[in-house]
Amino acid sequence: VEEAGRAADMLLVDFAVNDHYAEQDWGTSPRDSTRSAPSRAWAVEAATEVLLRHVLSSSPHTAVLLYEGTCITNQTKQAHERIARRYGVPFVSYGDALSECSRITTWTAAHAHPSLTTHRYLADALAFWWRAFARRLQAELSTSTVDASLLHPSRSAPISEPTLLRRYEICEAVREYDAMSAWQSRAASSSALAATSAVAGVELGGGNWALNADRLGKPGWIGSEQNSSLHFALSVGASPRATLVFERSYTGFGTARVDIFCHGQRHDSGRRPTWRHLATLDGLRRDGKNVTLASVETVNLRQKGVLPHSNCTLRLTISSDAPLKFKLRHVSSC
């Protein structure tokens, strides 16, 4: 909820569908989606409580809103609502604003993602709620009192089971590399800086990667030669993950392969550790839209066989032909 040291004004959370069907470490426990209804509700309640306690404590000046953007997940909806009320966070249910669920107003198991029309309905419902909420808040502001414990969640005891709270512990960044921070922290004498000298823990494996602000205010590690590689030293915690933020645009951008090598780990067969493929990132938009935006790729490293509390090296290798470029803006692990 922060970018370049500035807190977000608002955080809108809508995990309705994924909370209902998927576990946090879903790749390591594929049968979790069929767990019993009561245990599913308790798990969702605990995960939501962990999230809200973390956000309210770490970003006290950011407004938080829980939005239930569907009407097909009643039990997880109730879990979200219970925790929202416990911590004084507004909860909005899109389904409660509908006279009935249909393909037009929401999505079903057969239509896993909402259409453009549905997105418009979702936005309209949220805007209607916001106007009503603002009027009510203005009217009650002079007479309302606030429970002080809500402003400091750490002072109040959580209501979920301790074992579940530990299960959904926040994945705090263990190692983090941010191009914006690196760029701002250096009194650069040229427009491009060698990647090896930019940030400790980043090494050039070969090719023409460099930390460069090709667009004003948007620096990144940029490379264009095929097979150019860039290495990041990573450490992971109890629930290993890696997150990469890269740029996607409609022209001039190519692809990069992401691999990881974890030191000291052996395969189950006893063979020496090798590079493991994580993902291939495509920097070229293929939807016909002429926009350039950051894209986020989070990899569940447990799913790829990475053990908790490991020290690893993440390798990014350009797989497209020159002069197509690839631009990486952020890497972190937890």
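The values are calculated or read from the model by the stated rules, or taken from the named source; none is laboratory data. What you are looking at is a predicted structure, and each value in this text was computed from that prediction instead of being measured. In this analysis, Cβ positions are derived from the backbone assuming ideal geometry, glycine residues included, and neighbour counts consider all displayed protein chains. To get the accessible areas, we keep the full protein, side chains included, count just its heavy atoms, and leave off ligands, DNA and RNA. Shrake-Rupley method; radii C 1.70, N 1.55, O 1.52, S 1.80 Å.
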Enumeration of residues in the stretch 206-246 that are closer than 21 Å to Thr298 by Cα, open to solvent by 30 Å² or more (accessible area, probe 1.4 Å) and assigned to a loop (DSSP other than H, G, I, E, B): Ala238
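Report yes if Ala123 is of a type in the set (A, V, I, L, M, F, W, C), at pLDDT below 85 and open to solvent by 40 Å² or more (accessible area, probe 1.4 Å), otherwise no.
Taking the combined requirement at face value, the residue does not satisfy it.
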Please verify whether Asp147 is within 22 Å of Leu52 (Cβ to Cβ) and modelled with pLDDT of 75 or more, treating the condition exactly as stated. no
Looking for something at pLDDT below 90, of a type outside the set (D, E, K, R), under 21 Å from the mean Cα position of the chain (by Cα) and part of a helix (DSSP H, G or I) - is there at least one such residue anywhere in the stretch 90-111? no
Give, as residue ranges, the helices (runs of 4 or more DSSP H) completely inside the stretch 157-204 that count at least 1 residues that are modelled with pLDDT under 90, in contact with a helix residue (DSSP H, G or I) (Cβ under 8 Å, 6 or more places away or on another chain) and open to solvent by 80 Å² or more (accessible area, probe 1.4 Å). 162-167
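Please indicate, with yes or no, whether at least one residue in the stretch 220-227 is touching an Asp or Glu at 6+ places or on another chain (Cβ under 7 Å), modelled with pLDDT of 80 or more and closer than 30 Å to His61 by Cα.
Within the stretch 220-227, the first condition is being touching an Asp or Glu at 6+ places or on another chain (Cβ under 7 Å), and the residues that meet it are 220, 222, 226.
Applying the additional criterion that residues be modelled with pLDDT of 80 or more yields 220, 222, 226.
If we keep only those that are closer than 30 Å to His61 by Cα too, we end up with 220.
Yes; the residues of the stretch 220-227 include at least one that is touching an Asp or Glu at 6+ places or on another chain (Cβ under 7 Å), modelled with pLDDT of 80 or more and closer than 30 Å to His61 by Cα.
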Testing Thr255 on (1) among the hydroxyl-bearing types (Ser, Thr, Tyr); (2) closer than 23 Å to Cys171 by Cβ; (3) open to solvent by 10 Å² or more (accessible area, probe 1.4 Å), one condition comes back false. Which one is that? (2)
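Can you pull out every residue in the stretch 298-318 that is in a loop (DSSP other than H, G, I, E, B) and either of a type in the set (Val, Ile, Thr) or surrounded by fewer than 17 Cβ atoms within 10 Å (Cβ to Cβ) (or both)?
If we filter the stretch 298-318 for residues that are in a loop (DSSP other than H, G, I, E, B), which is where we start, we get 305-310.
Across the stretch 298-318, the qualifying residues are Gly305, Val306, Leu307, Pro308, His309.
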Looking at this structure, is Glu81 of a type in the set (Asp, Glu) and in contact (Cβ under 8 Å) with a residue 40 or more places away in the chain? no
For the stretch 271-297, the count of residues that are over 26 Å from Thr251 (Cβ atoms), of a type outside the set (A, V, I, L, M, F, W, C) and open to solvent by 80 Å² or more (accessible area, probe 1.4 Å) equals 2
Among residues of the stretch 80-97, those that are more than 19 Å from Asn18 (Cβ to Cβ) and open to solvent by 40 Å² or more (accessible area, probe 1.4 Å), counted: 5
Which numbered condition Leu12 fails, given (1) aliphatic (A, V, I, L, M); (2) at negative phi; (3) at pLDDT below 85; (4) surrounded by fewer than 15 Cβ atoms within 10 Å (Cβ to Cβ): (3)
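Can you tell me which residue within the stretch 56-78, out of those that are touching a strand residue (DSSP E or B) at 6+ places or on another chain (Cβ under 6 Å) and either of a type in the set (D, E, K, R) or not in a loop (DSSP other than H, G, I, E, B) (or both), is nearest to Val44 (Cα to Cα)? Break it down into steps so the answer makes sense when it comes.
At the first step, the residues of the stretch 56-78 found to be touching a strand residue (DSSP E or B) at 6+ places or on another chain (Cβ under 6 Å) are 59, 61-68, 77.
Imposing the further condition that a residue be either of a type in the set (D, E, K, R) or not in a loop (DSSP other than H, G, I, E, B) (or both) reduces the set to 63-68, 77.
Working: Ala63: 21, Val64: 18, Leu65: 16, Leu66: 13, Tyr67: 14, Glu68: 13, Lys77: 9 Å.
Only one residue tops the list, namely Lys77.
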